[in-house]
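Beneath this line is the structure, given in structure tokens, with notes to follow.
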Amino acid sequence: MAIIAPSLLAANFLNLQQDCDMLNESQAEWFHLDVMDGRFVPNISYGPMIIEFIRKTTTKVCDVHLMIEEPEKYAEAFKKAGADILTVHIEACRHLHRNIQQIKSLGMKAGVALNPHTPVDSLKDVLQDIDMVLIMSVNPGFGGQSFIPKTLDKITTLKRMINEAGLSVQIEIDGGVTLENAPAIIAAGADILVAGNTVFKSPDPTATIAALKAL
């Protein structure tokens, strides 16, 4: 059964408490928090201050996805804000191994994210050092995009790499996840589904989360 991690990027920020309460009462296990800096991706979202407020509303896992340049400058701030998992982009890290070590030393789980054009083979030298791989199934920066079908092949390849190495690294999929394509994503080997618009734009978000959880 996949872990469901609704992305608060699609939440109503004027009623954030209400959306956090909804997630707390739902079957979602994680809060997925997308941080964008306007440099690594062409959009700006929110930072540690907002995450600190969200953290106060929940005991669920706060899964922070940094779509930012120079993430090492902010890792400590996100730890203080309450991140349980901190994911950095391989494309934004000149010294990826050092970034991973820093995240672990701060007491967080370490994730590495891959953009659609980045092959999963690029992880082979760090796979044993991380807890999670986030495969972007859309180009990062904006919600509401369509799932890139090639992602299914990437999931299958990555799952094989993890199994062959005897590791317990989790695979997270972010972008364009719907009730229609989620079964194929899970069948390919995904452990965690990030869903933004699918959850928050549905007439009954709690029921949508339950439907995703039941797949």
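Multiplying the sequence separation of T59 and D153 by 0.36 nm and subtracting their Cα-Cα distance, what value in nm do you get?
Values: separation 94, 0.36 × 94 = 33.84 nm, distance 3.43 nm.
So the chain would gain 30.4 nm between T59 and D153.
Starting from the Cα of K104, draw a straight line to each of the lysines and keep only those under 24 Å, dropping any in the same chain fewer than 8 residues away.
K56, K60, K73, K79, K80, K124, K159
How big is the antiparallel share of DSSP beta bridges in the chain, given as a percent to the nearest 5?
5 percent
Relative to the present Cα-Cα distance, how much length would full extension add between N163 and Q145 at 0.36 nm per residue of separation?
So the extension gain works out to 3.4 nm.
Under unit Cβ charges (Lys, Arg +1; Asp, Glu -1), what dipole magnitude, rounded to 20 debye, does segment 3-213 have relative to its Cα centre?
200 debye
When the helix-only estimate is applied to the chain (DSSP H runs of n ≥ 4, each -39,500 (n - 2.57), divided by the residue count), what is the mean residue ellipticity at 222 nm, nearest 500 deg cm²/dmol?
That comes out to -9500 deg cm²/dmol.
Just how far, in whole angstrom, is segment 74-139 from segment 166-212 if you go by their alpha carbon centroids?
20 Å
With unit charges on the beta carbon (Lys/Arg positive, Asp/Glu negative), name the residue among H65, L96, I192 whose Cα is farthest towards the positive pole of the charge dipole of segment 3-213.
Most positive-ward Cα: L96.
From the mean inverse distance of alpha carbon pairs (Kirkwood) and the Cα radius of gyration, derive Rg over Rh for the chain. Working shown, then result.
Numbers: Rg = 15.8 Å, Rh = 17.0 Å.
We get a ratio of 0.93 for the chain.
Once amide H atoms are built 1.01 Å from N in the peptide plane, which residues 5 or more positions from F40, or in another chain, come under 5 Å H to H?
The answer is E69.
Tell me which residues come under 5 Å, amide H to amide H, from Q170 once H is placed; ignore anything under 5 positions away on its chain.
For Q170, whose amide H was placed from the backbone, the distant partners under 5 Å are M132, V133.
What whole-number volume per residue, in cubic angstrom, does the convex hull of the C-alpha atoms of segment 1-78 give?
Expressed per residue, the convex hull around the Cα atoms of segment 1-78 is 102 Å³.
Hey, got a sec? Which GluC sites (Glu not before Pro) in segment 155-190 land in a DSSP loop and have at most 16 other Cβ atoms within 10 Å?
Sparse-neighbourhood loop GluC sites (Glu not before Pro): E180.
What length, rounded to one decimal in nm, is gained on full extension from E72 through to A184, with 0.36 nm per residue of separation minus their alpha-carbon distance?
Between E72 and A184, full extension yields an extra 36.8 nm.
Debye calculation, C-alpha points only, no solvent: report log10 I(q)/I(0) for segment 41-159 at q = 0.14, 0.15, 0.19 Å⁻¹, in the same order as the q values.
Values returned for q = 0.14, 0.15, 0.19 Å⁻¹ are -0.60, -0.69, -1.08.
Values in this text are rule-based calculations from the coordinates and carry no lab data. This structure is a prediction, so every number in the text was calculated from the model and none was measured. Reconstructed Cβ throughout: ideal geometry from the backbone, glycine too, with neighbour counts over all protein chains shown.
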